[in-house]
Amino acid sequence: MALDKATVARIADLARIKLPEAERDAIAVELSKILDWIEQLNQVPTDGVEPMASVAHMKLPMREDKVTDGDCRDKILQNAPQAANGFFAVPKVVE
Amino acid sequence: MTIKGKSGDWEMVVGLEIHAHVTSKAKLFSGASTAFGAEPNTQVSTVDAAFPGMLPVINRFCVEQAVKSGLGLDAQINLTSVFDRKNYFYADLPAGYQISQFTRPIVGKGKITLDMPDGSPREIGITRLHLEQDAGKSLHDQHPSQTYVDLNRAGVALMEIVSEPDIRSAEEAGAYVKKVRSILRYLGTCDGNMEEGSLRCDCNVSVRKPGGKLGTRCEIKNVNSVRFVMQAIDYEARRQIGVLEEGGKIDQETRLFDAAKGATRPMRSKEESHDYRYFPDPDLLPLVLDQDWVAKLKAGLPELPDAKKARFVRDYKLSPYDAGVLAGEREDAEYFETVAKGRDPKLASNWVTVELFGVLNKRAKTIADSPVKAQALGELIDLIADGTLSGRLAKDVFAAMVETGKGAKAIVAEKGLKQVTDTGEIERAIDAVLAKEPANIAKYRAGNEKLLGYFVGLVMKATGGRANPAMLNELLKKKLSG
Amino acid sequence: MSALTALSLAQARDGLKRKDFTARELSLAYIKAVEDARPLNAFLKETPERALAMAKESDARIEKGRALPLDGVPIAVKDLFCTEGVETTAGSKILKGFVPPYESTVTANLWRAGACMLGKTNLDEFAMGSANVTSAYGHVESPWRRPGDNRPLVPGGSSGGSAASVAARAALSAIGTDTGGSIRQPAGFCGIVGLKPTYGRCSRWGIVAFASSLDQAGPMTRDVRDAAIMLKAMAGHDPRDSTSADLKVPDFEQAVGQSVKGLKIGIPKEYRIDGMPKEIEALWQRGIDWLKSAGATTVEISLPMTRYALATYYIIAPAEASSNLARYDGVRFGLRVPGESLDEMYENTRGAGFGAEVRRRILIGTYVLSAGYYDAYYLKAQKVRALIARDFEQAFKQCDAILTPTAPSAAFAIGEKMDDPISMYLNDVFTVPVNLAGLPGISVPAGLSGEGLPLGLQVIGRAFDEEMVLRVGSAIESAAKFDAKPQFVAGKA
């Protein structure tokens, strides 16, 4: 699968990663090679095969409805690059 | 319902997505509290804040609440369901994905019946109900160049209830939201408090010529009252009709309802079609429910609004309308049944729906905060039934009960408001009044029947309002006719 | 290398009990060794004060005759495990300065067993790599060199720092994580033992997630017995991890040294890949002969889906990673590069914070999950994965354990295989299927390549049968008598 620059730009946008203009072509080539390589899976017959849900063969464990966590604002904010008045601060979003 | 446009009739096609906060103590995948109104970021665990290495563990009670809600919506419970990640970036979504259910939700197809004002039943289909995490809150108005993020709400369990696009008017939409809210409140799975954000509505609206193909829809997000839902839908349908009649086309958009302007407007964020890249969350295994467990939940459900309404009609012989009003809220229905026990149900129904609800509405109180408790109202009705009070007197007593919080018997004793039913006493009062009214008596006898009311009024006043109206009427007429 | 750092974990444990030396002395010896090993860049952070404080507590308990299973044992921790109060970077710029306010379950288990923390080891960024050349904090050098050749070699990856530290005697043991071979392959390259337990045997809580359905923590040690001792302390059910197995932890040490007489060892024919170096083939044959001499029989088995395992892995792992790494956005921890808008801040932060390999995998992962491609890639890969797991299930009907080489080559020079990501990915061809099937696997040093570099053999077992893996692994170890030492050993004059 050959990826063009526009597709790479779209994926980078979805992933919120800034790609330097100068690198975009090289990245497109690299990603295309990798996608070509993984496309060998098309050769495998998989009709009627259930996709693997998990290698952990067990039921989803559930917990009790009890408050056992939270109430630790300092812990939550202490690594924040920017915090104010108990909130995380980010550049303003306009809705 | 059709809307008349310039080029003819139009019909609106509406589907609603209700997001309902699950009533639980802790969040869906973490042990932090869900209580409303706490200081920012004080109800956040490292799991909710998506710190490195954190993992989700599902809250059994939330699962139970979702199943009960599904049963209440007469829907199919899917014994196996899967949690998927919905991937997108936003400041109040710490992990960069929301744990939701996409391909295999916990609840499938169902239906509810709407109580329309004209009494006609209208069935609206439910497409599905699924569990998902709520996001945190972004505050855009606290700082000139920054948005503040509070993650208290991040991770709270939501039930997303999706309707089929069966709704055809703003009125139906309002009735739908009220009904779903009522069912959830009956079950105790959501408190339905729209002001606090426990229940919000996304409205998908499109228009078409009746019988024509579906138009492009717009989504109005996060509408937080029934009134706004109805206004927003009405406005949006008309807006779209306006655009189409001008020859324009509808762009698929996400919009917001501006309550101040009573209008919808597009959201100003970057226009991109979201690619959520759903895939099964590898930190969670498929959710497998036990059939017996579901059956037990079903057996333990309380009587739901429709069943209650039917029973009120059948057993209390109420009109469908009155029964519907009383069954609308579980607490109202329970109040009514306490009052009606061993009493005339019609009388009880009138007093609750007219007098009591009148007071509650005026004072913006819920039945839980009612100044007159059910037992007290019942006591008042007993005094009507045994002849102590006339209907009219009872209203005065009720007003006093509301003001003072005292019981009916106490007020009657205090104010001496007992009804006068002694014929002698009434006759004496009549005689005293008539003695002063020779001219009017003559006019009455000459044919002015309307003067009866005048005389009734005078005698009532003379007896301090306590004369039994029926007896008064009868005796007065006798005396007047000579 | 001092006399103390020459001891294995089991020997040190016994020595401490006999009071031949104190925990403090042992930690001091290793603290010095860590300093000596600085040229390897195996450690990102040294925590000598912490190690000594923990050693003090160990000594107090040992004194009272109440020694815990790992009391006094100095351990190196891959910088992917969140350690409370100690910076945890995942080898990335984007987590520079992140100090976790919580401890991972696995490391908490180790400290509760009395172990002492020497420091955090270097790794490929976010565990993505098989040579430890993608770390934002510089590559790790293997303590091994080709005799007569001064070029630094890779230690393997992604747990390169952990492997190098154990091989260089700068840690008594280390822990790593294995998603596609990241414990076993560096163990193979560095001539040490690396064990990846069954998926779910160790908790993932507090481990920076790479690919959630594949990641597993495991020990990296001098010998098989040490690995068994470490695993017993690390493993166990964790209610905070929904994929954690609720199973009792066996006394793994009991399995070490048990006879392999009568066991059936499966030899998968598809692992004999095109262009396989003769010396790897020869080593594999030697392994087969050793086990036969010890009383086991070998049987040829077929794992037909083997050739598709890498492609399957390189769809599933990047897909999961692209989602797991979305949380690194500059909002709550780590690096923030400012931007005019929220989206710009995200893009700047992630553009600057992620290295090329991580970026590559996030982009691949995002693509294979995107609209229109999900069925063709991700869903398809999950189906092939089910077939790969089925292959093993079928195979284990005919045998008790499977023997394969660990890697298709010995360690290569730093800077090699950099032109083409895929050539790097091929390092994991023998290890990746084991992660896809969620099975336990161990790499045991079995011999030297023609260039004098370590080569490992891998033993694979049934789910939750780490005991079998340790049993067969120790039989290989006994027969191989691998006693070669790397050119660089900490403390050697």
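What ranking do B:140, C:237 get, fewest neighbouring Cβ atoms within 10 angstrom at the top?
Details: B:140 13, C:237 16.
In order of increasing Cβ crowding within 10 Å: B:140, C:237.
Report the one residue of A:51, C:425, C:446 whose Cα lies farthest in the direction of the positive end of the charge dipole of the protein assembly as shown (charges on C-beta: Lys and Arg +1, Asp and Glu -1; origin at the Cα centre).
A:51
Using only the alpha-carbon atoms, what does the range C:58-106 span along each of its principal axes? Please give whole angstrom values in decreasing order.
Rounded to whole Å, the extents work out to 45, 18, 16 Å.
For the range C:209-269, state which trypsin sites (Lys or Arg not before Pro) are in a DSSP loop and have at most 11 other beta carbons lying within 10 Å of their beta carbon. Present the calculation step by step, with values, prior to reporting the outcome.
Numbers: sites: C:222, C:225, C:232, C:240, C:248, C:261, C:264, C:269; in loops: C:222, C:240, C:248, C:261.
Counting only loop positions with at most 11 other Cβ atoms within 10 Å, the trypsin sites (Lys or Arg not before Pro) in the range C:209-269 are C:248, C:261.
Residue by residue through the range C:313-318, which ³J(HN,Hα) values in whole Hz follow from phi under the Karplus form 6.51 cos²θ - 1.76 cosθ + 1.60 (θ = phi - 60°), with glycine and proline marked x?
4, 7, 9, 5, 4, x
So what is log10(I(q)/I(0)) for the range C:276-378 at q = 0.17, 0.21 1/Å, when the Debye sum runs over its Cα atoms only?
Summing over Cα pairs of the range C:276-378 leads to -0.86, -1.08.
Which whole-percent values make up P(r) of chain B when all C-alpha to C-alpha distances are grouped in 20 Å steps starting at zero?
All Cα pairs considered, the percentages come to 19, 41, 25, 12, 2.
So how do B:116-122, B:183-189, B:5-11 stack up, highest first, on mean other-Cβ count within 10 Å? Could you put the intermediate results ahead of the total?
On the way: B:116-122: 11.3, B:183-189: 21.9, B:5-11: 13.7.
With the highest mean Cβ count within 10 Å placed first, the list reads B:183-189, B:5-11, B:116-122.
Please compute the average number of Cβ atoms from other chains found within 10 Å of each residue's Cβ in peptide C:350-357. If you can, show how the numbers build up before the last one.
On the way: counts 6, 6, 2, 1, 2, 0, 4, 0.
Per-residue shielding by partner chains comes out at 3.
How many Å³ per residue does the convex hull of the Cα positions in the protein assembly as shown occupy?
Numbers: hull volume 235.5 nm³, N = 1070.
Convex hull volume per residue, Cα atoms: 220 Å³.
Net charge around residue C:222, counting only other residues with Cβ within less than 13 Å of its Cβ (Lys, Arg = +1; Asp, Glu = -1)? Present the calculation step by step, with values, prior to reporting the outcome.
Numbers: positive: C:13, C:169, C:225, C:485; negative: C:223, C:226, C:477, C:483.
Summing Lys and Arg as +1 and Asp and Glu as -1 gives 0.
Of the DSSP beta bridges with both residues in the protein assembly as shown, give the percent that are antiparallel, rounding to the nearest 5.
80
Averaged over its residues, how many other protein chain Cβ atoms are within 10 Å of peptide C:195-205's Cβ atoms? Before the final figure, lay out the partial values.
Values: counts 0, 0, 0, 2, 4, 5, 0, 0, 2, 3, 5.
Other-chain Cβ atoms within 10 Å of each residue's Cβ, averaged: 2.
If the limit is 31 Å between Cα atoms, which of B:261/B:308; C:17/C:78; B:27/B:179; B:317/B:409; A:18/C:78 go over it?
Values: B:261/B:308 39 Å; C:17/C:78 28 Å; B:27/B:179 26 Å; B:317/B:409 29 Å; A:18/C:78 29 Å.
Cα-Cα > 31 Å for B:261/B:308; rest within.
Please report the Cα spread of the range C:1-148 along all three principal axes, rounded to whole Å, starting with the longest.
Cα spread of the range C:1-148 along its principal axes, largest to smallest: 46, 45, 21 Å.
How many percent of DSSP beta bridges within chain C run antiparallel, rounded to 5?
Counting only bridges with both partners in chain C, antiparallel ones make up about 65 percent.
Among C:82, C:399, which comes first, second and so on when ranked by fewest other beta-carbon atoms within 10 Å?
Values: C:82 27, C:399 22.
With the fewest neighbours first, C:82, C:399 line up as C:399, C:82.
In the structure displayed, which of B:4/B:213; B:25/B:178; B:213/B:249 lie more than 20 Å apart, Cα to Cα?
B:25/B:178
At 4 °C and 1.567 mPa s, grab the translational diffusion coefficient of the range C:98-143 from Stokes-Einstein with a Kirkwood Rh over Cα pairs, rounded to a whole number in µm² per second.
Details: Rh = 12.7 Å.
After rounding, the answer is 102 µm²/s.
Sort B:233, B:3, B:112, C:75 so that the residue with the fewest other Cβ atoms within 10 Å of its own Cβ comes first and the one with the most comes last.
Values: B:233 28, B:3 16, B:112 24, C:75 31.
Exposure proxy ranking, most exposed first: B:3, B:112, B:233, C:75.
Could you compute how fast the range B:340-382 diffuses translationally, taking Rh as the Kirkwood radius over C-alpha pairs and applying Stokes-Einstein at 25 °C with viscosity 0.890 mPa s? Give it in µm² per second. Walk me through the numbers before you get to the answer.
Numbers: Rh = 10.5 Å.
It diffuses with D of about 233 µm²/s by this estimate.
Where the centroid of each part is defined by its Cα atoms, how far is the range C:67-142 from the range B:13-67 in Å?
31
Over all distinct alpha-carbon pairs, what is the Kirkwood Rh of the range B:25-141 in angstrom?
About 16.3 Å for the range B:25-141.
Which shape class applies to the range C:370-493: rounded if a/c is under 1.5, otherwise prolate when a/b exceeds b/c and oblate if not, where a ≥ b ≥ c are the square roots of the Cα gyration tensor eigenvalues?
Working: a/c = 2.97, a/b = 1.32, b/c = 2.25.
Oblate, because a/c is 1.5 or more while a/b does not exceed b/c.
If you take the C-alpha gyration tensor of the range C:113-250, multiply each eigenvalue by 5 and take the square root, what semi-axes do you get, largest first, in whole Å? It would help to have the intermediate numbers written out before the result.
On the way: eigenvalues 136, 54, 28 Å².
Sorted largest first and rounded, they come to 26, 16, 12 Å.
How about residue B:450: which lysines have a C-alpha closer than 22 Å to its C-alpha, ignoring those fewer than 8 places off in the same chain?
Within the straight-line limit of under 22 Å, residue B:450 reaches these lysines: B:436, B:461, B:477, B:478, B:479.
Given 10 °C and 1.306 mPa s, compute D for the range B:425-474 with the Stokes-Einstein relation, Rh being the Kirkwood radius over Cα pairs; round to the nearest whole µm²/s.
Calculated translational D: 145 µm²/s.
In this model, which of A:75/C:45; B:341/B:362; B:346/B:415 are farther than 25 Å apart at the alpha-carbon? Show your work: numbers first, answer last.
On the way: A:75/C:45 22 Å; B:341/B:362 27 Å; B:346/B:415 28 Å.
Among A:75/C:45; B:341/B:362; B:346/B:415, the Cα-Cα distance tops 25 Å for B:341/B:362; B:346/B:415.
Based on the alpha carbons, how large is the Rg to Rh ratio for the range C:89-165 when Rh follows Kirkwood? Walk me through the numbers before you get to the answer.
Working: Rg = 14.5 Å, Rh = 13.7 Å.
Ratio value, two decimals: 1.06.
Quick check: Cα centre of the range A:34-95 to Cα centre of the range B:390-439, how many Å?
Between the Cα centres of the range A:34-95 and the range B:390-439 lies a distance of 72 Å.
For the range B:101-259, with equal point scatterers placed on the C-alpha atoms only and solvent neglected, what are the log10 I(q)/I(0) values from the Debye formula at q = 0.16, 0.18 1/Å, to two decimals?
Here the Debye-derived log intensity ratios amount to -1.07, -1.28.
Per residue of B:84-97, count partner chain C-beta atoms within 10 Å of its C-beta, then hand back the mean as an integer. Don't jump to the answer; show the numbers that get you there.
Numbers: counts 0, 5, 1, 8, 3, 11, 6, 11, 4, 4, 6, 5, 12, 5.
Neighbouring Cβ atoms belonging to other protein chains average 6 per residue here.
Going by the alpha-carbon gyration tensor, a ≥ b ≥ c the square roots of its eigenvalues, is chain A rounded (a/c under 1.5) or, if a/c is not under 1.5, prolate (a/b greater than b/c) versus oblate? Write down the numbers at each step before the final one.
On the way: a/c = 3.65, a/b = 1.26, b/c = 2.89.
Since a/c reaches 1.5 but b/c is at least a/b, the shape of chain A is classed as oblate.
Would you please classify the overall shape of chain C from the alpha carbon gyration tensor, given that a ≥ b ≥ c denote the square roots of the eigenvalues, rounded means a/c under 1.5, and beyond that prolate means a/b larger than b/c while oblate covers the rest? Provide the component values of the computation, followed by the final result.
On the way: a/c = 1.42, a/b = 1.04, b/c = 1.36.
Here chain C falls in the rounded category.
Values quoted throughout were computed directly from the atomic coordinates according to the rules given, and no laboratory measurement underlies them. These figures come from a predicted structure and were not determined experimentally. Cβ coordinates were reconstructed from backbone atoms using ideal geometry, including for glycine residues, and neighbour counts include every protein chain displayed.
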